[in-house]
Every structure is written in structure tokens, then in C-alpha cells.
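Shown next, in C-alpha cells, is the structure this report addresses.
The values are calculated or read from the model by the stated rules, or taken from the named source; none is laboratory data. Worth saying up front: this structure is predicted, and the values here are computed from it rather than measured. Here the Cβ positions follow ideal geometry from the backbone for every residue, glycine too, while neighbour counts run over all protein chains shown.
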Amino acid sequence: MMLLLFLLLTLSIGLAWFQYYRFSIVLFLLNLGLSCMWFLHHATSKLPLHF
Amino acid sequence: MLDRTDNELSASASVIELGMILVLLCAAFFMQFFYNELPCPLCLLQRIGFLGIAFGLLLNISYGVKPLHYGISMLSALFTMVVSVRQVFLHIAPGSGSYGPPVFGLHLYTWSFIAAAFFMFLNIALVVLAEPLKRFHVYHEKAVAILKHLAFLLLFIVAVANTVTTFMECGFGQCPDNPVKYQYTAGSDVRPGGGSEFQQA
């Protein structure tokens, strides 16, 4: 999962470099969303929380 | 392109900020390779956050200063702050241990929180002062055109290096909570006595 996040981020930077502006932003926001999901999973998976 | 931006001082500030983030990420690499401190999953998330801050600033430099770019940077800074404060809280109680050695009296995740908060407020200040800053003309177009490609190159190298080391550490699976060795190197445990002092991160 972490590898995927870094791959997406690297791809975003590379695309922005080669002028794919919108696609790089979309990819970056996808990366940030996935990072947030991973973090929430990490933060809550070991706690006895009930939402 | 940078030469189309109408806010030169803000773009120059982005260059300086970007440089600071690159120094920060290189310092993390220094700790990783020279002190054998493997980054935990939360540490890797913080690196992603810092790269995100840098990505927004890079867009500022390349495509002109826009609120969207600052938004990307601030969202990433907020994300980094949340992740690092979570790690601070994991180790804040007496006896809960720590992750990694302290640097200047504070652990890296605490420094990470301070740095992310600093970049957050700096970006807020740049957005608030965007109009007054338009009056200043500070840079040479050719120099900045070179600087733009240099910034892209450096950030790309740092991102690739992070991807490679993450692969070395975690492979294709989940990263261990308390990593003590690389999965894809010839060496054995890289941190002698790893895990004795360190807790879940």
C-alpha cells in the first residue's frame, strides 16, 4: 500500500513536469485520499471503536 | 510557466520553501542511512505529506501562483500535522517509549509536526499577502526557468528514492509497525537491538 502511495506521488510529479497539469492534480488528490484512508485505518484498526 | 505569473515574490517564496522541504527530506534520508533508522509507516506517511507540500509549491513555480496550488500544499501540511500529532500522542505517555533517537531534544515526529505547522502558516501568510506581494519584482526570468527544471528534477529524484527505499523496506505488502531490517537487501538487522526501546509507530 505504502509503495502504491509513493508510486502515485512520483507519477504525479513526473506528469506535472511533462505538462500534464490536470491529470497530475487528479492523481495527486487520489494519492492524498488514499493516504488519508490508510491513516484512518491505521489509527482505528487497533482501537475498540464503534462508529 | 513561471514567466507568466503575475506574482513574482510569491513564486520566489515557493522556491525557498521548496528548498527547505528538500533539505528536510534529505535529512530524513541521512537519518535512515547513516543512523540505520528505518522509517515506520507513520513516518512514511509524513514523508508523503511533505512531498505533497512540495508538489503544490512546484505547481506554483511552474504554472503560476494560484489558490489551488496553495490549497494542495495546505491540505498536505494539514495531513502531515495530523499524522505526526498521532505519532506524538502514541508516545506521549510516560513509559510508552519512543521511535528513533531525539534530534536537538525532540523526536523526528515532533519536528515533523513543527515543520508542517510552519509551512501551513507560511502558506496562509503568502495567500493573505498575495495582493500586496504583487508589487515586487525580484527575479530574473532565465534564472528561474533553470531553477524550475532543477526543482522538478530534485523533487522527482527524492520521490523516486523514497519509492525505492519503501520497496526495499516493505516490498509489495504492508510495512511492519516497527521495522528492523530491509526486506530486499543482503544485510540482516540494520538496527542492532532494534525493537528493544522502540514501540509501535
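Summary of computed values
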item: Out of B:Leu2, B:Leu58, B:Leu45, sole residue that is more than 21 Å from A:Leu3 (Cα to Cα), of a type outside the set (Asp, Glu) and at pLDDT 90 or above; result: B:Leu58
item: Residue tally, condition crowded, with 18+ Cβ neighbours inside 10 Å and over 22 Å from A:His41 (Cα atoms), over segment B:86-106; result: 1
item: Any pair with Cβ under 7 angstrom, 6 or more apart, that starts in segment A:30-45 at a residue that is at the interface with chain B (Cβ under 7 Å from one of its Cβ atoms) and ends at one that is surrounded by 15 or more Cβ atoms within 10 Å (Cβ to Cβ) and not hydrophobic (A, V, I, L, M, F, W, C); result: A:Leu32/B:Gly52; A:Leu32/B:Ser76; A:His42/B:Pro41; A:Ala43/B:Arg86
item: Residues within segment B:62-79 that are under 16 Å from B:Ile21 (Cα atoms), more than 10 Å from chain A (Cβ to nearest Cβ) and crowded, with 24+ Cβ neighbours inside 10 Å, tallied; result: 2
item: Search result, residues across segment B:36-61 that are within 7 Å of another protein chain (Cβ to nearest Cβ) and over 29 Å from B:Ser98 (Cα atoms); result: B:Phe55, B:Leu58, B:Leu59
item: Per-region count, segment B:154-174, residues at the interface with chain A (Cβ under 8 Å from one of its Cβ atoms) and assigned to a helix (DSSP H, G or I); result: 9
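Residue-by-condition table, conditions (1) surrounded by 11 or more Cβ atoms within 10 Å (Cβ to Cβ); (2) at pLDDT below 85; (3) out of contact with any His (no Cβ under 9 Å at 6 or more places or on another chain); (4) among the aliphatic types (A, V, I, L, M):
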{"position": "B:Phe119", "(1), (2), (3), (4)": "yes, no, yes, no"}
{"position": "B:Glu131", "(1), (2), (3), (4)": "no, yes, yes, no"}
{"position": "B:Val138", "(1), (2), (3), (4)": "yes, yes, yes, yes"}
{"position": "B:Val160", "(1), (2), (3), (4)": "yes, no, yes, yes"}
{"position": "B:Gly171", "(1), (2), (3), (4)": "yes, yes, yes, no"}
